[in-house]
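Throughout, read-outs are computed from the coordinates displayed, never taken from laboratory work. Fair warning: this is a prediction, and the values are worked out from it, not measured in the lab. Counting neighbours? That spans all protein chains shown, and the Cβs are built from the backbone with ideal geometry, glycine included.
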Amino acid sequence: MTAILTLYTTAGCHLCEHAEEILHNAGVRFVPVDIEDDLALLERYGVRIPVLLDARGRELAWPFDGQALQNWLADSG
C-alpha cells in the first residue's frame, strides 16, 4: 500500500484545487495541509504551493500533471 502523501495548500488557491483533482483522478491518497496558520510553512511554501511531499521528504512542486505525478511516484523507491 502506498503511503499517504502531504499536499501543502491554502484556501482559495485555484492551482491547489487543480492539483487535488489530479491526485484524486490518479487515486492517490493525500492529506491536505493548509500553510496559512503555520509561519514556517508559509515562509517555505507561500509562493510555491501546491507542493506534494512524500514520507522521504521528496517534494513535487507545481506545475505537475498526471504523468509527472506518476513518474515521481514510480521513483519513490
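When you restrict to C-alpha pairs under 8 Å that are six or more residues apart and normalise by the size of the chain, the relative contact order lands at 35 percent. Hey, how many Å between the Cα centroid of segment 1-53 and the Cα centroid of segment 58-77? Rounded to whole Å, the Cα centres lie 13 Å apart. Helical runs (DSSP H, four residues minimum) scored at -39500 (n - 2.57) apiece and divided by the length of the chain put the mean residue ellipticity at 222 nm at -10500 deg cm²/dmol. Per-residue Karplus couplings for segment 62-71, computed as 6.51 cos²θ - 1.76 cosθ + 1.60 with θ equal to phi - 60°, are listed in order as 5, x, 9, 10, x, 5, 5, 4, 4, 4 Hz, Gly and Pro entered as x. Between the amide H of V51 and those of Y8, distances stay under 5 Å, these residues lying 5 or more places away or on another chain, with hydrogens modeled in the peptide plane. Counting only Cα atoms, the chain measures 31, 24, 18 Å along its principal axes, largest extent leading.
The label point for L73 and the one for A26, both projected 7 Å from the Cα toward the Cβ, are 0.6 nm apart.
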